[in-house]
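Peer 1: What follows is a single structure, and I will ask about it in a moment.
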Amino acid sequence: MKPDAPGHNRPPLTYKDAGVDIDAGDALVEHIKPLARSTNRPGVMGGLGGFGGLFDLKAAGFRDPILVSGTDGVGTKLKVAIDAGIPDTVGIDLVAMCVNDIVVQGAEPLFFLDYYASGHLEVETGRRIVAGVAEGCRRAGCALVGGETAEMPGLYAQGDYDLAGFAVGAAERDRLLPRADIVPGDVVLGLASDGLHSNGFSLVRRIVERSGLDYQAPAPFADGPFGSAQGGPTGSALGTLLGQALLAPTRIYVKPLLAAIRGTAAIKGLAHITGGGLPGNVPRCLSDGLRARLDARRWAVPAVFRWLRETGNVPTDDMLRTFNCGLGMIVVTAAADAGTVGRSLTEAGESVHEVGIVERGPDGEADCVIDHAESLWRS
């Protein structure tokens, strides 16, 4: 008796049986289309559905443009969003981490693409995530021109998902930052953060575990509503529950900074404070042989940082190199222009502090030192 041919008398297998639902993917795309259209701006050509997004730099008003690109993710903050069941704001984080890196080069973010992957596509979760991406794009003034949704059963645990973002911007050649004329005596301004932003969440999650709290517990710290300056995806303030407070989205500094760059012509350098904190990021806009000297008594630290430090018994050096500790963006300008730049940013809604100066450092790489760092933890 001959053995059955392969597959003989067995039920047919489909892609959906293997865990990939093409219909769900198509349904999510239909939800995404109006979200993407809401982010359109001058320069966008066509819409979703092609194999690539098109953008016309001339229509965007550039005469001698240099393209600036960036890519990033949200890191393990996604685990907090998944465990807390709040996917609405990580899309804002995704955009923020890319466009804030672009604007520090003096560039205007023009368009954005996202990559959303999961083991099993939940259309409503995907819709809420992409709604956050669209909100982030509107805040940054860039267009969501495309992306990719990947359903990969067996690669991700049930309920898990991952995000990556890609942004492209442009600057006129003569407006690229940092400028070469940063010198000792220049002033360092700090722009307040909206809490943790999107760095250090592997440590945050360990501290929450040590605290014995879950993400539905009331937040054991308070500064007023987290994210109130820019709000959540529908403009609502966050901060009632621990999960909500920790998920306050990364502040997007693009529009105020572009207005100040163009309106004052006095910004010499910018630094986005992400992983590595102030010591790791401020030197990135300085030339070798220069250092920024910051005075920690000159800005306020949101209570979430004090709670994390106390609950985790985290050393100050680790806090400073892991988190933004209250400053999400650094601006370098001449002392004579500090008032003008500060007023421009304040009028645009930023909380601005004069936090230090640029000075000549030891020979070698650029540096950042923070005086009176222990004062950060005083209420």
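The values are calculated or read from the model by the stated rules, or taken from the named source; none is laboratory data. The model shown is predicted, which means the values in this text are computed figures rather than measured ones. Here the Cβ is made from the backbone with ideal geometry for all residues, glycine too, and neighbour counts use every protein chain on show. Remember, those area values only see protein heavy atoms, side chains included, never the ligands or the DNA or RNA. Shrake-Rupley method; radii C 1.70, N 1.55, O 1.52, S 1.80 Å.
Peer 1: Can you work out D for the chain in µm² s⁻¹ from Stokes-Einstein, where Rh is the Kirkwood radius over C-alpha pairs, the temperature is 20 °C and the viscosity is 1.002 mPa s?
Peer 2: 97
Peer 1: Do the sum for the chain: with -39,500 (n - 2.57) for every DSSP H run of n ≥ 4, divided by all residues, what is the mean residue ellipticity at 222 nm, to the nearest 500 deg cm²/dmol?
Peer 2: After summing the helix terms and dividing by residue count, I get -9000 deg cm²/dmol.
Peer 1: Right, something else. Please get the size of the charge dipole for the chain, origin at its Cα centre, with Cβ charges of +1 on Lys and Arg and -1 on Asp and Glu, quoted in debye to the nearest 20.
Peer 2: Here the size comes out at about 480 debye.
Peer 1: Here is a follow-up. Whose amide H sits under 5 Å from the amide H of Cys368, counting only residues 5 or more places off or on another chain, with H placed in the peptide plane?
Peer 2: Correct list: Ala292.
Peer 1: Applying 1/(1 + (r/R0)^6) with R0 = 45 Å to the Cβ-Cβ distance of Asp56 and Asp317, what FRET efficiency is obtained, to the nearest 0.05?
Peer 2: So, using R0 = 45 Å, E works out to roughly 0.40.
Peer 1: How much solvent-accessible surface does Cys142 expose, in Å² to the nearest 10, with a 1.4 Å probe and all protein chains in place?
Peer 2: Per-residue accessible area (Cys142): approximately 0 Å².
Peer 1: Express the accessible area of the range 320-379 per residue in Å², computed with a 1.4 Å probe while the remaining protein chains stay in the model.
Peer 2: I get 47 Å² per residue for the range 320-379.
Peer 1: Rg/Rh for the range 302-379: what does it come to with C-alpha atoms and Rh from Kirkwood?
Peer 2: When Rh is taken as the Kirkwood radius, the ratio is 1.02.
Peer 1: What is the gain in length, in nm to one decimal, between Ala217 and Val183 on full extension, counting 0.36 nm per residue of separation less the C-alpha to C-alpha distance?
Peer 2: 7.4 nm
Peer 1: Here's a follow-up. Per the Kirkwood treatment, what hydrodynamic radius in Å, one decimal, follows for the range 259-348 from the mean inverse distance over all distinct Cα pairs?
Peer 2: 14.5
Peer 1: Now for a separate question. Taking the mean number of other Cβ atoms within 10 Å as a proxy for protection, how do you rank 177-186, 337-346 from highest to lowest?
Peer 2: Ranking, from highest mean packing down: 337-346, 177-186.
Peer 1: Once fully extended, how much extra length lies between Thr240 and Tyr156, figured as 0.36 nm per residue of separation less the alpha-carbon to alpha-carbon distance?
Peer 2: Extending this stretch completely gives an extra 27.2 nm.
Peer 1: Next question, about the same structure. Can you tell me which of 150-158, 306-314 comes out highest on packing, and rank the rest after it, using the mean Cβ neighbours within 10 Å?
Peer 2: Result, highest mean Cβ count within 10 Å first: 306-314, 150-158.
Peer 1: Highest mean first, what order results for 289-297, 250-258 on Cβ atoms within 10 Å?
Peer 2: Highest to lowest by the protection proxy: 250-258, 289-297.
Peer 1: Calculate what fraction, in whole %, of the accessible area of the chain sits on carbon and sulfur atoms when a 1.4 Å probe is rolled over the protein chains.
Peer 2: In the chain, the share of accessible area belonging to carbon and sulfur is 50 percent.
Peer 1: Could you check what % of the DSSP bridge pairs in the chain are antiparallel, to the nearest 5?
Peer 2: 75
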